[in-house]
1. If you go through the stretch 91-118, how many residues are of a type outside the set (K, R), more than 16 Å from ligand 2 (Cβ to nearest atom) and part of a loop (DSSP other than H, G, I, E, B)?
2. Could you list, in sequence order, the residues of the stretch 228-250 that are part of a loop (DSSP other than H, G, I, E, B) and near ligand 1 (Cβ under 10 Å from one of its atoms)?
3. Looking at (1) open to solvent by 60 Å² or more (accessible area, probe 1.4 Å); (2) over 30 Å from A82 (Cβ atoms), find the lone condition where R213 falls short.
4. Restricting to the stretch 92-123, what's the tally of residues that are open to solvent by 50 Å² or more (accessible area, probe 1.4 Å) and farther than 23 Å from E148 by Cβ?
5. Across the stretch 242-268, what is the total count of residues that are more than 16 Å from ligand 2 (Cβ to nearest atom) and over 14 Å from the mean Cα position of the chain (by Cα)?
6. Every residue in the stretch 172-189 that is crowded, with 21+ Cβ neighbours inside 10 Å and of a type in the set (S, T, Y), please.
7. Considering G16, G24, which residue is surrounded by 12 or more Cβ atoms within 10 Å (Cβ to Cβ), over 18 Å from P285 (Cα atoms) and in the same structural domain as H287 (by TED's automatic domain parsing)?
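The values are calculated or read from the model by the stated rules, or taken from the named source; none is laboratory data. Being a predicted model, the structure only gives us computed values, none of them experimental. Because the Cβ atoms are built from the backbone with ideal geometry, glycine has one as well, and the counts that use them run over all protein chains shown. Ligands, DNA and RNA are stripped out before the accessible areas are found, and what is left, the full protein with its side chains, is counted by its heavy atoms. Shrake-Rupley method; radii C 1.70, N 1.55, O 1.52, S 1.80 Å.
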Amino acid sequence: MSDPFQPTRADKFTFGLWTVGNVGRDPFGEPTRPPLSAPHLVEKLAGLGAYGVNLHDNDLVPAGARAAERDRLVREFTQALADHGLAVPMATTNLFSDPAFKDGAFTSADARVRAYALQKTMLSMDLGHELGAQTYVFWGGREGTEVEASSKLLDALSWFRDSLNFLAEYSESQGYGYRFALEPKPNEPRGDLFFPTAGSMLGFIATLGRPERFGVNPEFAHETMAGLNFTHAVAQVIDAGKLFHIDLNDQKMGRFDQDLRFGAENLKAAFFLVKLLEDSGYDGPRHFDAHALRTEDEGGVWAFARGCMRTYLILKDKARQFHEDPDIQAALAAYRVEDEELAGLTRKFSPENAQTLKARTFDREMLGQRGPGLEQLDQLTAELLLGVRGGLSTRSRPGVEVTT
Ligand code: GCO
Ligand code: MN
Ligand code: MN
């Protein structure tokens, strides 16, 4: 009997080298796990059914490495990718670890740091292209402030814009054809980061020289830290045609940045996110930007990685059940009220439509009295998620043979 939740390459699950390679360091404690080599991570991820692996420049090549060392590391990594059939769909730059970036990279008040950040990013884009990456992520880890008296807000926004415009032109001139995905985060490691939400990134993209080259890389934990509804944010990004990449993980609201296993904390929110992604036809990578708990050894790291993918696939199957459940579909059909005549009037403005609509009498009291049935719909969904709605999926019913 095959495992219906065993991931395959077609599921497009990816992990960062920095995620499964996380050594368990936190602001209060030293690493709890030894570092694992990039080829080893590739081999293990491929064995679990992942599709690809993403990286920051310095996940593979330490800052300051000599050319020969860089070439050896890249060669060994490339060989492992070929041996195990893993892709590198996305690359990015570490613009946050080096003390040079302590007060920002593209938004540093020091022009020399801004220039160095551009140089480092171009080199990292060269590396990403060499590895086959087509998406390039910008997460401005140090792009922010603690001290408003620094008075650089408006300048910082235009320095950031100039840098992105410069790098988009570099990508074109090199023939790299990157699609850039901007990743918002409200805070951490800076007290306040610029571009705190997906919506702020969408607004900013419209001001760039090549807006069509730029999209968003929203992250579950980032909106959740700020108490926002991540699924709503993703819907807005999809609506704008800008979902270029996505970072999946989990997080308790209002806490430090936890990077928990996907579905570890907010299963219901994770379900609606998976349902949205699947319903929308999003066909990009499902990237897990999370890491195993600091308590874990290497076995825990692979339990974490397997768990992220399994939970996604289980929730994807729940989304299928949601669409096939006759009671849920009946509740949804009752919830929506369609009216062809009114739709004809409201779909598009015309002076006649406006006049007809203004002259129309509505039964306001009746509209306010209608019960839309949302309690029932939500309870049906809860029971589906809890696995007690029978007759729908052989997978969720004990004692029934799985036939896939
Ligand atoms: C974080 C971010 C990062 C970025 C990564 C890719 O909170 O630290 O999510 O993990 O996603 O640097 O750019
Ligand atoms: Mn994050
Ligand atoms: Mn991220």
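1. Residues of the stretch 91-118 that are of a type outside the set (K, R), as a first pass: 91-101, 103-111, 113, 115-118.
If we keep only those that are more than 16 Å from ligand 2 (Cβ to nearest atom) as well, we get 91, 98-101, 103-111, 113, 115-118.
If we keep only those that are part of a loop (DSSP other than H, G, I, E, B) too, we end up with 98, 103-110.
Number satisfying all stated conditions: 9.
2. Restricting attention to the stretch 228-250, the residues satisfying the condition of being part of a loop (DSSP other than H, G, I, E, B) are 228-229, 240-242, 244-246, 249.
Residues satisfying the conditions are H245, N249.
3. (2)
4. Qualifying residue count for the region: 7.
5. So the count comes out to 2.
6. Within the stretch 172-189, Y178 is the sole residue that qualifies.
7. Working: G16 fails: over 18 Å from P285 (Cα atoms).
Testing whether each residue is surrounded by 12 or more Cβ atoms within 10 Å (Cβ to Cβ), over 18 Å from P285 (Cα atoms) and in the same structural domain as H287 (by TED's automatic domain parsing) leaves just G24.
Every residue, every condition in (1) at pLDDT 95 or above; (2) more than 22 Å from G209 (Cα to Cα); (3) out of contact with any helix residue (DSSP H, G or I) (no Cβ under 6 Å at 6 or more places or on another chain), yes or no:
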{"position": "F138", "(1), (2), (3)": "yes, no, yes"}
{"position": "E148", "(1), (2), (3)": "yes, yes, yes"}
{"position": "A156", "(1), (2), (3)": "yes, no, yes"}
{"position": "L164", "(1), (2), (3)": "yes, no, yes"}
{"position": "E169", "(1), (2), (3)": "yes, no, yes"}
{"position": "F195", "(1), (2), (3)": "yes, no, no"}
